[in-house]
Amino acid sequence: MKIMEFLSSKAIIMDIKSSKKEDVMRELVDALINSSDIDKRSRNKIVDSLIARESLGSTAIGQGVAIPHTKCDCVQNLVAAFGLSKKGIDFDSLDGEPVNIFFLLIAPQDSAGPHLKALARISRLLKDKYFRDGLQECENEDAVIRIISQEDDKKI
């Protein structure tokens, strides 16, 4: 599974403005709305679903990475947004470190397979320090897309 198959190239935020967990998720959902990947009327439902998922346990997996995710009947296909925070955000990470790299995933309600494959693919890539560092050094959306596409093109 390639990340660029579900990452919206128009839902990339180079400098997240929010400083609180819930606000970061709202900002990423808004990026998907602005890119026309999700309907504006679904915003509150998706945000509430993401917050409910976070209450089960943080999606911040450590090393400055978080993958907030949820399933919702308001999307037909798996869709993702990407965000960078220069300052780092407290996201209740497993290692206690602030989060700089965010992948937000929204999957259709009945899509366990693709949802889990996407989570596994992203988390596997983000375990690579060079990949994480490369993303954090990106100056613009095109650089983010280029780095992710290069990883997508490698053998999985």
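Computed from the coordinates by the stated procedures, all read-outs in this text should not be read as laboratory data. Just so it is clear, the structure is predicted and the values come from calculations on it, not from any experiment. Cβ coordinates were reconstructed from backbone atoms using ideal geometry, including for glycine residues, and neighbour counts include every protein chain displayed.
Summary table below
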read-out	value
For residue 75, residues with placed amide H under 5 Å, excluding near neighbours	109
Cα-based Rg / Dmax (Å) for region 3-153	13.9, 38
Mean-position separation - Cα centroids, region 62-127 and region 129-156, in angstrom	16
Exposed-loop-free span, longest in the chain, where GluC sites (Glu not before Pro) count as exposed if DSSP calls them loop and at most 13 other C-beta atoms lie within 10 Å	1-136
Distance in nm between pseudo-label sites at residue 94 and residue 149 (7 Å out along the Cβ direction from Cα)	3.2
Mean separation of Cα contacts under 8 Å, 6 or more apart, over the residue count of the chain: relative contact order %	27
Antiparallel bridges, percent of DSSP beta bridges restricted to the chain (to nearest 5)	50
Positive dipole terminus of the chain, leading residue within 67, 78, 51 (C-beta point charges)	78
Zone residues, region 120-149, relative to residue 14, backbone N less than 15 Å from point 7 Å out along Cα-to-Cβ	135-147
Per-peptide average of other Cβ atoms within 10 Å, ordering 65-75, 30-40 highest first	65-75, 30-40
The chain, helix-only ellipticity at 222 nm - DSSP H runs n ≥ 4, -39,500 (n - 2.57), divided by all residues, nearest 500	-13000 deg cm²/dmol
Sequence-separation-based contact order of region 56-115, relative, with Cα cut under 8 Å and 6+ spacing, percent	45
Rg to Rh quotient for region 74-127, alpha carbon positions, Kirkwood Rh	1.03
